[in-house]
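Trainee: One structure follows; several queries about it will come next.
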Amino acid sequence: MIEGELALALFASVCVLLLFGFPVALTLGGTALLFASFGVIAGHFDASFVAALSGRIFGTITNETLVAVPLFILMGVTLERAKIAEELLTAMANALGNRTGGLGMAVIIVGALLAASTGIVGATVVTMGVLALPSMLRAGYDPKLATGLICATGTLGQIIPPSIALVLLGDIMSTAYQQAQLQSGIINTQTVSVGDLFVGSLVPGIVLVSLYLSYLLFVGWRNPASCPPPEDTAAAADTSVIGAIIPPLALITIVLGSIILGAATPTEAAGVGAVGAMILAAYKSALSPTVIKEIARSTMETTSMVFLILIGAALFSLVFRGFGGDEIIEAFFESLGGGPHVALLIVMLVMFLLGFILDFIEITFVVVPIVAPILLSMGFDPVWLGVMIAVNLQTSFLTPPFGFALFYLRGVADESVATSDIYRGVIPFVLLQLALLAALWLVPDIVTWLPSMMGR
């Protein structure tokens, strides 16, 4: 059937063009319009699918959940520009740096907190690469271990809430879950919220941080020379550590705690987080007119990029469905045999490979809306599936040779650090993430236990 061939050609064309570096939003929207125009002329496409775009855009505008995106971005950018991360890293390094692997432990802890506050992989990797990598190399750390730690902690922004990736993924999963129920004949549909995804990802995030710390302790025990304490370490007073860690930790706890306890929606909590970050920055005397302008510009640019991609992805999705692409994928899964888990394995592998060329935003808006309704109709828990997708993409962004985190660090690392060191350094952490992914697959309760305990 020519419509199905056009659907597959559309998907392949988008992937190829993105691989060549064309702008994501324009590639999605422009390619979809070209294929739709050809389809209308050839009589293989119903133009009413494109006409539905205005409704999609209006739905995006009125979606209260997505309002959390610019607010979380504002929170993260403010904490970054106020040099909260730099102060925190310095204090933690002084407190832990006088022991083997102490500086690496500080990097993991600070990276986890920074990931929770920014929720953006690139921002965390670049920030930690600029702040921590020179200090680790001067202390005598093995370049492979140092770069691997920074890349791995940077990807924590995918899974540790409140994460922008989880906000976007939660919104998509909510829609997909309702579609799956309607397709199954369930009229009184249940919902899944961003808060549910936050709660479900909390335990896996803590487990992953614990795995990183355990691996570092193991390396320090087996080979102390690879992560020695700095010779010029001067232990700081406990008050300096407390003063550096308590404010951002309290802010993150308030934001995340209010969502988990149901006291606030993700959007409301994001507003509190943004205001709290501004207050914290003002308390640190870091809010000059220039800094405020930089914060506003960076927030606007990132937000505009996200929502422009969302509009382009909506157009792509409409055209793809108009050609019957979703039916082709569903038929493909049914022809596989082996049950739902085989279908899920294939989806995970495809997403993993796509993570080499596409950012999480593109995958969330392009791929997830296509496959999620099909997988959810097979009986998978929506929260568990969402966390599995997030961890899978997190692993993909860390895996050589095309992992995004590797490119981010390569861009800010000193020339003395070889690219091969970065690639070899992340391998143990990729294995740890794969181990977590396997554990989540075999023991879904790791994800679903906490939401069920809280009545979600």
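Please treat every number below as a calculation from the coordinates, not as lab data. Predicted, not measured: the structure shown is a model, and the values here were computed from it. For neighbour counting, all protein chains shown are included, and Cβ atoms are generated from backbone atoms with ideal geometry for every residue, glycine included.
Trainee: For LYS83, list the lysines whose Cα falls under 20 Å from its own Cα; do not include residues on the same chain fewer than 8 positions away.
Mentor: The reachable lysines, counting only those whose Cα sits under 20 Å from LYS83, are LYS284, LYS293.
Trainee: Can you tell me, using C-alpha contacts under 8 Å and at least 6 residues apart, the relative contact order of the stretch 121-218 as a whole percent?
Mentor: Dividing the mean separation by the residue count of the stretch 121-218 yields 25 percent.
Trainee: Going by alpha carbons, how many degrees (0 to 90, nearest 10) lie between the helix axis of 340-354 and the longest principal axis of the chain?
Mentor: The answer is roughly 70 degrees.
Trainee: If you take the charge dipole of the chain about its Cα centre, with +1 on Lys and Arg Cβ and -1 on Asp and Glu Cβ, which of LEU450, THR290, PHE404 is farthest toward its positive end?
Mentor: In the chain, that residue is THR290.
Trainee: When Lys and Arg each count +1 and Asp and Glu each count -1, what net charge do the other residues less than 11 Å away from LEU79, Cβ to Cβ, add up to?
Mentor: Net local charge, LEU79 excluded: 0.
Trainee: Is the shape of the stretch 33-95 best called rounded, prolate or oblate, per the rule: a/c under 1.5 gives rounded, else a/b larger than b/c gives prolate, else oblate, with a ≥ b ≥ c the square roots of the Cα gyration tensor eigenvalues?
Mentor: Taking the square roots of the gyration eigenvalues as a ≥ b ≥ c, the stretch 33-95 is prolate.
Trainee: So which aspartates and glutamates pass the test for LYS144, namely a Cα distance under 16 Å, with those fewer than 8 places away in the same chain ruled out?
Mentor: ASP414, GLU415, ASP421
Trainee: Relative contact order, percent, of the chain when contacts are C-alpha pairs under 8 Å separated by at least 6 residues?
Mentor: Dividing the mean separation by the residue count of the chain yields 28 percent.
Trainee: A follow-up question, please. Mean separation of Cα pairs under 8 Å and 6+ residues apart, divided by the residue count of the stretch 3-137: what relative contact order is that in percent?
Mentor: So the answer I get is 16 percent.
Trainee: In addition: Tell me the angle of helix 266-283 to the major Cα principal axis of the chain, expressed in degrees between 0 and 90 and rounded to the nearest ten.
Mentor: 30
Trainee: I need the shape label for the stretch 1-111. Rule: rounded when a/c is under 1.5, else prolate if a/b > b/c, else oblate, with a, b, c from the alpha carbon gyration tensor.
Mentor: Here the stretch 1-111 falls in the prolate category.
Trainee: Here is a follow-up. Does anyone have the angle between helix 325-336 and the longest principal axis of the chain? Alpha-carbon axes, 0 to 90°, nearest 10?
Mentor: 80
Trainee: Calculate the dipole size of the chain relative to its Cα centre from +1 charges on Lys and Arg beta carbons and -1 charges on Asp and Glu beta carbons; express the result in debye to the nearest 20.
Mentor: 700
Trainee: How would you order 201-209, 32-40, 266-274 from highest to lowest mean count of nearby Cβ atoms within 10 Å?
Mentor: Listed from highest to lowest mean packing, they are 266-274, 201-209, 32-40.
Trainee: Kindly state, to the nearest 0.05, the FRET efficiency for LEU336 paired with LEU8, given R0 = 22 Å and r defined as their beta-carbon distance.
Mentor: My answer for the efficiency is 0.85.
Trainee: Would you be so kind as to identify which of LEU166, ILE279, ALA435 lies farthest towards the positive end of the dipole of the chain, taking Lys and Arg as +1 and Asp and Glu as -1 on Cβ and the Cα centre as origin?
Mentor: The residue sitting farthest along the positive end of the dipole is ILE279.
Trainee: With the crude spin-label approximation of a point 7 Å out along Cα→Cβ, what separation in nm comes out for LEU33 versus VAL412?
Mentor: 3.6
Trainee: Now, a different point. So, in nm, how far is label ALA51 from label LEU434 when the simple model puts each one 7 Å beyond its Cα toward the Cβ?
Mentor: 5.1
Trainee: Please report the spacing between the Cα centers of the stretch 124-195 and the stretch 335-380 in Å, no decimals.
Mentor: If you average the Cα positions of each part, the centres end up 17 Å apart.
Trainee: Kindly identify the stretch 351-444 as rounded, prolate or oblate by the Cα gyration tensor criterion: order the square roots of the eigenvalues as a ≥ b ≥ c, call it rounded if a/c is under 1.5, otherwise compare a/b with b/c, prolate if a/b is larger, else oblate.
Mentor: oblate
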